[in-house]
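**Q** Following this message is one structure expressed as structure tokens.
Where a number appears in this text, it was derived from the coordinates with a stated rule and is not lab data. Predicted, not measured: the structure shown is a model, and the values here were computed from it. Note that we place each Cβ from the backbone using ideal geometry, even for glycine, and neighbour counts take in every protein chain shown.
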């Protein structure tokens, strides 16, 4: 048993794997299974455990991956978005640096306990956070991204030139192949590296572009099913979940559905009286234009908070507006890293800053995005029968590693 962040993780001789399918709205799986394209997952759902879980809010990549990695919500690990105002400097920065992480990952706890750990992520933005606390000088840890797989070194990633090792070229960052590289690497690592704990996390490029049942979406999940079958055949205990769902966020003419918060606030309060931060912002905005369903607002005059909350609540398409204290309590967020107000839009609406600040020229498909409450429901599927697993909202995506370890231990005990 390994304890980390006040949670216990069982250990065994069977590899425990958590797979995070970025942006996997549950309907993607349903439509692909109905089309006969996911026979492995169909069997696993019938023979194992098939549940729905809740992600953390905001339903973005970084907060949820780090919640899965630590087994705890953002109030504990501190990663509350992809992007924030650094409270120490006042600068708008990416939250990719491990200095922002406030809790140990399950991976580093396993490594410290002498176990073997493997992590493969599609985009490099997560690698340093997920791999924090791992050592690479004793052949017990591997952590690399598909995106930078040709630049990996033994000293920094546990493997030299992962692209050459796998025999696959570095995929284009905006592609389904970036995720396929993750699965292919996971299959090879399971047989050659033989980890005790493995985490595979993908990119949501496909999900931002294609709706459930679309041929390109179905092709992605059919590809995943083939690799899932190889991992399952090897005897690993596997949990399949997601960091968030994905919903259509566009008008009938295909243009993005957006409430530009900064424009409204400038009109109400005057220019430079507030600042809107969109935590979805990261280096990869081509497929979503930095438009999601969660925003935080910083006010120069905090005494206007209640008034501004009421004004924002009246805007069409806005689902929820809260002050910082209420939002942090409800969504388990770190208060020192949030603005004065949290704004969440509805299922088919996004929130932006000012209209002129968003470059939407690259959006060549009707916008699909995430971040709010309507993208909180995610799949949680285990290739072992676990009757006491529970359901959402009590079951969370960040239970994935704990459940995978418990499933691996069940097999060992049997």
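**Q** Specify whether the C-alpha gyration tensor of the stretch 258-369 places it in the rounded, prolate or oblate class, a ≥ b ≥ c being the square roots of the eigenvalues: rounded for a/c under 1.5, otherwise prolate if a/b is larger than b/c and oblate if not.
**A** Numbers: a/c = 1.75, a/b = 1.46, b/c = 1.20.
It comes out prolate by the Cα gyration axes.
**Q** Could you please rank 92, 177, placing first whichever residue has the fewest other Cβ atoms within 10 Å of its Cβ? Can you show the working numbers first?
**A** Details: 92 12, 177 19.
Final ranking by Cβ density, sparse to dense: 92, 177.
**Q** Where does the chain land at 222 nm, in deg cm²/dmol rounded to the nearest 500, when only DSSP H runs of n ≥ 4 count, each adding -39500 (n - 2.57), divided by all residues? Walk me through the intermediate numbers first.
**A** On the way: 15 runs with 132 residues, N = 414.
That calculation yields -9000 deg cm²/dmol at 222 nm.
**Q** Pairing the Cα long axis of helix 400-413 with the longest principal axis of the chain, what angle in degrees results, from 0 to 90 and rounded to the nearest 10?
**A** Relative to the chain, helix 400-413 is tipped by roughly 20 degrees.
**Q** Looking at the square roots a ≥ b ≥ c of the eigenvalues of the Cα gyration tensor of the stretch 65-224, which shape do they give, rounded for a/c under 1.5, prolate if a/b is larger than b/c, or oblate? Mind dumping the intermediate values first?
**A** Details: a/c = 1.70, a/b = 1.10, b/c = 1.55.
Oblate, since a/c reaches 1.5 and b/c is not below a/b.
**Q** Here is a further query. What is the antiparallel percent of DSSP beta bridges lying wholly in the chain, to the nearest 5? Numbers along the way, then the final one.
**A** Working: 31 of 55 bridges.
Roughly 55 percent of the DSSP beta bridges within the chain come out antiparallel.
**Q** Please determine, in degrees from 0 to 90 and to the nearest 10, the orientation of helix 177-192 with respect to the longest principal axis defined by the Cα atoms of the chain, where the helix direction is its Cα long axis.
**A** Helix 177-192 and the main axis of the chain meet at about 30 degrees.
**Q** Quick check: the angle from helix 215-233's long axis to the longest principal axis of the chain, C-alpha only, nearest 10 degrees?
**A** Long axis of 215-233 versus the principal axis of the chain: about 40 degrees.
**Q** For the chain, just say rounded, prolate or oblate: build the C-alpha gyration tensor, square-root its eigenvalues into a ≥ b ≥ c, call rounded for a/c under 1.5, and beyond that prolate if a/b exceeds b/c, oblate if not. Intermediate results must be reported in sequence, preceding the final value.
**A** Working: a/c = 1.71, a/b = 1.52, b/c = 1.13.
It comes out prolate by the Cα gyration axes.
**Q** Here is a further query. Could you please rank 231, 66, placing first whichever residue has the fewest other Cβ atoms within 10 Å of its Cβ? Each step should come with its number before you reach the end.
**A** Numbers: 231 24, 66 30.
Fewest-to-most ranking of 231, 66: 231, 66.
**Q** For 293, 192, 388, what ranking results if the residue with the fewest other Cβ atoms within 10 Å of its Cβ goes first? If you can, show how the numbers build up before the last one.
**A** Values: 293 33, 192 9, 388 6.
Fewest to most other Cβ atoms nearby, the residues stand as 388, 192, 293.
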